[in-house]
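**Student:** Here's a structure for you.
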Amino acid sequence: MATLLHLLIIIVALGGWSIAFHIRRKKNRTEKLVCPLNSNCETVVHSRYSTFLGLPLEWWGLGYYSLIALAHLALLFSSPAPAILILPMLVLWLTVFAFLFSFYLTYVQAAKLHEWCAWCLISALFCSIIFLTSLAIYS
């Protein structure tokens with residue numbers, strides 16, 4: 001069962017990476033980000049909340065989803081060695097932080113910006129799936 005959960009996380013992380021890449025590519029090309037919700041994704045992804053510690057959120061997303069996918073690949077194919085025993089705890093804490101941060105960003109869309117970005121909401125959903133699946137694996 002744990003193998004299937006690791007594979008689910010890897011697949012969801014690849015989906016999240018694709019969304020972050022899509023947003024980054026659109027911003028780099030200065031192309032309009034089309035929102036399937038008939039909202040204004042542009043307002044969200046270009047707002048003052050679209051950076052964290054000086055880096056655009058999509059860069060954080062690319063890094064997070066890459067780390068999660070690679071860590072779960074390592075956990076899936078490695079034998080329990082002393083060096084790898086700390087990895088599940090680090091991954092779980094990273095996942096908790098990402099889940100809480102995505103919850104905060106969803107709050108920002110609702111309460112501060114009054115706009116929704118479908119891509120951001122899907123990414124938040126992916127963070128939630130990774131979080132809940134991680135809890136199932138590690139608890």
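**Student:** Is it fair to say Ala2 is of a type in the set (Gly, Ala, Ser) and surrounded by fewer than 17 Cβ atoms within 10 Å (Cβ to Cβ)? Please lay out each step first, then the result.
**Tutor:** Working: of a type in the set (Gly, Ala, Ser): yes; surrounded by fewer than 17 Cβ atoms within 10 Å (Cβ to Cβ): yes.
Here the answer is yes, as Ala2 does meet what is asked.
**Student:** Identify the residue in the range 24-46 that is loosely packed, with under 12 Cβ neighbours inside 10 Å and among the charged types (D, E, K, R) and, among all such residues, is nearest to Val108 (Cα to Cα).
**Tutor:** Lys32
**Student:** Name the one entry in Phe103, Phe126, Phe131 that is surrounded by 15 or more Cβ atoms within 10 Å (Cβ to Cβ) and under 23 Å from Glu42 (Cα atoms).
**Tutor:** Values: Phe103 fails: surrounded by 15 or more Cβ atoms within 10 Å (Cβ to Cβ); Phe131 fails: under 23 Å from Glu42 (Cα atoms).
Of Phe103, Phe126, Phe131, the one residue that is surrounded by 15 or more Cβ atoms within 10 Å (Cβ to Cβ) and under 23 Å from Glu42 (Cα atoms) is Phe126.
**Student:** Which residue pairs have Cβ atoms under 6 Å apart, sit 6 or more places apart or on different chains, and have a first residue in the range 54-72 that is buried (at least 19 other Cβ atoms within 10 Å of the Cβ) and a second that is outside any helix (DSSP H, G or I) and aliphatic (A, V, I, L, M)?
**Tutor:** none
**Student:** Turning to a different aspect of this structure: Residues that are over 30 Å from His114 (Cα atoms), among the β-branched types (Val, Ile, Thr) and modelled with pLDDT of 90 or more: find the helices (runs of 4 or more DSSP H) completely inside the range 1-94 holding 1 or more of those. Write out each step before concluding.
**Tutor:** Values: elements: 2-28, 41-45, 57-77.
Hits in the range 1-94: 2-28, 57-77.
**Student:** Considering only residues that are among the aromatic types (Phe, Trp, Tyr) and touching a residue at least 24 places away in the same chain (Cβ under 8 Å), which ones fall in the range 104-139?
**Tutor:** Going residue by residue through the range 104-139, those that are among the aromatic types (Phe, Trp, Tyr) are 104, 107, 116, 119, 126, 131, 138.
Those that are among the aromatic types (Phe, Trp, Tyr) and touching a residue at least 24 places away in the same chain (Cβ under 8 Å): Trp116, Trp119, Phe126, Phe131, Tyr138.
**Student:** Right, something else. Take Leu100 and tell me if it is without any contact (Cβ under 8 Å) to a residue 24 or more places away in the chain and under 13 Å from the mean Cα position of the chain (by Cα). Spell out the reasoning first.
**Tutor:** Values: without any contact (Cβ under 8 Å) to a residue 24 or more places away in the chain: yes; under 13 Å from the mean Cα position of the chain (by Cα): yes.
Considered against the rule, which asks whether it is without any contact (Cβ under 8 Å) to a residue 24 or more places away in the chain and under 13 Å from the mean Cα position of the chain (by Cα), Leu100 comes out as yes.
The values are calculated or read from the model by the stated rules, or taken from the named source; none is laboratory data. Keep in mind that this is a model prediction, so the values were computed, not measured. As a convention, Cβ positions derive from the backbone with ideal geometry for all residues, glycine included, and neighbour counts pool all protein chains shown.
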